[in-house]
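The structure under discussion appears below in the form of structure tokens.
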Amino acid sequence: EPVSKEPTNDKVEELLSQMTLEEKVGQLNFIVGDALQTGPASVTNDGERLEMIKSGKVTGVFNAPGAEFSYKLQKLAVENSRLGIPLLFGADIIHGYKTIFPIPLAEAASWDLETIENGARVAAKEATSAGINFNFAPMVDVGRDARWGRNAEGAGEDPYLGSLIARARVRGFQGNDLAAPYTLAACVKHFAAYGAPEGGKEYNTVDMSERVLREMYLPPYRAAIDEGAATVMTSFNEIDGVPASGSKYLLDDILRKEWGFNGMVVSDYNSITEMINHGVVGNRADAAKMALESGNDMDMMGLIYSSEIEKLVKEGKLSEETLDKAVRRVLKLKYDLGLFENPYLYADPAVEKKEVRSKENYDAALDMAKRSIVLLKNEKDLLPINKNVNTIALIGPLAENKDELNGMWSFFGENQDPISILEGIKQKVGPGTKILTADGADFYSDSRSGFSKAVGIANKADVVILALGESAVMSGEAASRSSIELPGVQKELMQAIQKTGKPIVTLVSSGRPLAISWMDKNIPAILQTWSLGTLTGPAIAEVLFGDYNPSGKLPMTFPRNVGQVPIYYNHKNTGRPYTGDYSEPASDRIYSSRYRDVENSPLYPFGYGLSYAKFEYSDIQLDKASIKSGETLKVKVSVKNASKVDGEEVVQLYIRDLVGSVTRPVKELKGFKKLMIKAGETKEVSFDLTEDDLSFYRRDMTFGTEPGDFKVYVGTNSRDVKEADFMLM
Ligand code: BGC
């Protein structure tokens, strides 16, 4: 008999009261649903898995997509298990299901919250129509170290930008009603501070002060939860000696008590069991107990709750009330998703056929992709290229490639779907334009055998386009790199082509900031193109030939070399800041905070990105010189497009609190607006600064403001700004 979709606790309680211990534990056991695995060790074979589903020993499966397949599994659960509790269907829909969007770091570079939200909505639409109702996204880990591979999956280094993007993604995935068609449960991950492993090395130890944790790393998780994210995933790392998957401090004190989160917490892949490797527990029983008692409700892939919890309860070592709490949260999620009313809500092959890879979805992916591209350099307006240019030489491992374009986390994408850079260019240029292509080099080998052909075609061309960068698997999970140079011999290839003296545009594809100082010095035009997904070619072609004026801004600082890492714009001043211009002899100001062999400044600062238009900023106008607690400061500038082309600009506002009871960052992003300014037009942009924007964790760890002097900056990136002063009384 169908149960009402109203997620009342009564319904959950009624069900809970009928459940055996074994059935309760089953509701916490989440396993992979198909051959696809994202971590070590095969856990179950197919036969076993089906038996577990039928007997209610599994709460849900992940990586089992397809409306038909999920229907089949759901039917097994609903019709065979004693209580007929429906399954969750999970997956990592990180940047699209079949229509692949740019990697999240690229999307973040758009600073375009509406388009990002729409991208998440499209992903949810495709994924739900293929049966998925529980998405392991958004990943909101702040990352400041370019070596870390999973920067690709996040929104970059800034907690403010990251928080707004986290909210946008949650809205896109969840809509207003989890039980409505096309919406799924978001899972905010990885809680917490997974983006700060020592040395940028994946899964490594995280250690930071509580102040840095709260100020720089926690805000995006909090924002996603305030936006209503239904679930949270723990992280693999330890913080301050305690693995996150068993941290009562994180999962109970902060997440539930402080932030009021009442949704469900799932572990990361086998992360409960891995607490044994971390060395905080000596056996599986203790690991399971520690995790469940900390508030980690569901076990992903560890099969550790299913082997340990029942026994622990029976032996009196774990209270049944603790178990019930976790089960309640899982059942509540299933009610909220509407699964008790209609377990097959998401399993309709006809809907799947209609929604997946629709024209509308492709258009949305193209829109997102072109907005994600960042123009890093454009000497003498080499870009945009004339569509009727005689001969283009397109050179590099990504020139004709399709396999790499979907990017790092696109398990469900098809390799043949993406439109290559060559195809994109072909669709754009005039009928008389000749395109010559050569790979020149690949991503991995040190073979230079392709160089001579590449140089040969460059010599015949009017303009050379170099399509260089990382392969897809060089970023993402378990893809940290100790070098952030162009991999293989691509730099040498670029140097060989540069010797031809031809005008060169470089497209840099990567899931992280790369160290491209030589390129910046020697190549006239550079576009950061990340991994753009299915519509890579058309998006790049729109920018190359001026049909779209690039508007992206870097969400992470680009270092000059790997030795500067970690490098981020919102750093502290230190007691001996270096203020020279590097022209003075090295002996001067030697005892200041700097390296001997490289400037302190990055190659490209956070928030940086050029346009084919030229924007001119007026001075800042403030409506008052000082504000009292509770008042709002109005900050105004006008921005003029002093060029002949229309363009979008991201106007950025930063503050600095000059004196605090604890030291404050030299700049902090507190607002931005992305707007279209027509050629010749001037637009006034205004921001409201509130007390909340000026608040921080003070010496005593209370959150609030302190009176004193502030600076406010407005500009086109975090470096090139106008400034003004005000006081908080
Ligand atoms: C990743 C998670 C992911 C999970 C399931 C883990 O290895 O860290 O982000 O959701 O696998 O695929």
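Remarks
- Hits in the stretch 219-232 (condition: buried (at least 24 other Cβ atoms within 10 Å of the Cβ) and within 15 Å of the chain's Cα centre (by Cα)): Pro220, Tyr221, Ala224
- Checklist (1) of a type outside the set (Asp, Glu); (2) part of a loop (DSSP other than H, G, I, E, B); (3) touching an Asp or Glu at 6+ places or on another chain (Cβ under 8 Å); (4) more than 30 Å from Trp111 (Cα to Cα) applied to Phe340, failing item: (3)
- Lone qualifier among Ile484, Ile526 - being more than 16 Å from the ligand (Cβ to nearest atom), in contact with a helix residue (DSSP H, G or I) (Cβ under 8 Å, 6 or more places away or on another chain) and not in a loop (DSSP other than H, G, I, E, B): Ile526
- When Glu198 is tested against (1) in contact with a Ser or Thr (Cβ under 6 Å, 6 or more places away or on another chain); (2) closer than 24 Å to Met300 by Cα; (3) not basic (Lys, Arg), exactly one condition is not met: (2).
- Some residue of the stretch 237-254 being surrounded by fewer than 20 Cβ atoms within 10 Å (Cβ to Cβ), touching a residue at least 12 places away in the same chain (Cβ under 8 Å) and within 15 Å of the ligand (Cβ to nearest atom): no
- Test: Lys521 is surrounded by fewer than 24 Cβ atoms within 10 Å (Cβ to Cβ), in contact (Cβ under 8 Å) with a residue 12 or more places away in the chain and over 30 Å from Trp409 (Cα atoms): no
- Those residues of the stretch 545-562 which are surrounded by 19 or more Cβ atoms within 10 Å (Cβ to Cβ) and not aliphatic (A, V, I, L, M), in sequence order: Phe545, Tyr548, Asn549, Pro550, Ser551, Gly552, Lys553, Pro555, Thr557, Phe558, Pro559, Arg560
- Any pair with Cβ under 7 angstrom, 6 or more apart, that starts in the stretch 257-275 at a residue that is under 23 Å from Phe89 (Cβ atoms) and modelled with pLDDT of 95 or more and ends at one that is near the ligand (Cβ under 9 Å from one of its atoms) and in a loop (DSSP other than H, G, I, E, B): Asp268/Ser235; Asp268/Phe236; Tyr269/Thr38; Tyr269/Gly39; Tyr269/Met301; Asn270/Gly39; Asn270/Met301; Ser271/Phe236
- When each of Ala454, Ala496, Ala478, Ala458 is tested for being surrounded by fewer than 21 Cβ atoms within 10 Å (Cβ to Cβ) and assigned to a helix (DSSP H, G or I), the lone residue that passes is Ala496.
- Qualifying residue in the stretch 509-526 (condition: over 30 Å from Asn600 (Cβ atoms) and at pLDDT 95 or above): no
- The stretch 226-262: number of residues that are farther than 20 Å from Gly162 by Cβ and in a loop (DSSP other than H, G, I, E, B): 5
- When the residues of the stretch 157-167 are filtered to those that are surrounded by 24 or more Cβ atoms within 10 Å (Cβ to Cβ) and small (Gly, Ala, Ser), the one that is nearest to the ligand (Cβ to nearest atom) is Ala166.
- Residue match in the stretch 99-107 (condition: in a helix (DSSP H, G or I), touching a Phe, Trp or Tyr at 6+ places or on another chain (Cβ under 8 Å), of a type in the set (A, V, I, L, M) and away from the ligand (no atom under 16 Å from the Cβ)): yes
- Ala137 part of a helix (DSSP H, G or I) and touching a helix residue (DSSP H, G or I) at 6+ places or on another chain (Cβ under 8 Å): no
- Breaking point among (1) more than 16 Å from the ligand (Cβ to nearest atom); (2) over 23 Å from Asp253 (Cβ atoms), for Leu303: (1)
- Restricting attention to the stretch 192-224 and to residues that are part of a helix (DSSP H, G or I) and of a type in the set (Phe, Trp, Tyr), the residue that is nearest to the ligand (Cβ to nearest atom) turns out to be Tyr221.
- First in the stretch 82-107 and farther than 27 Å from Val12 by Cβ, second anywhere and of a type in the set (Asp, Glu) and within 16 Å of the ligand (Cβ to nearest atom), Cβ under 9 Å, 6 or more apart: Ile94/Glu153; His95/Glu153; Ile103/Glu153; Pro104/Glu153; Leu105/Glu153
- Tally, over the stretch 267-290, of residues that are assigned to a helix (DSSP H, G or I) and either away from the ligand (no atom under 16 Å from the Cβ) or surrounded by 20 or more Cβ atoms within 10 Å (Cβ to Cβ) (or both): 9
The values are calculated or read from the model by the stated rules, or taken from the named source; none is laboratory data. In this text, all values refer to a predicted model and were calculated from it rather than measured experimentally. Virtual Cβ from ideal backbone geometry, glycine too; neighbours counted across all protein chains shown.
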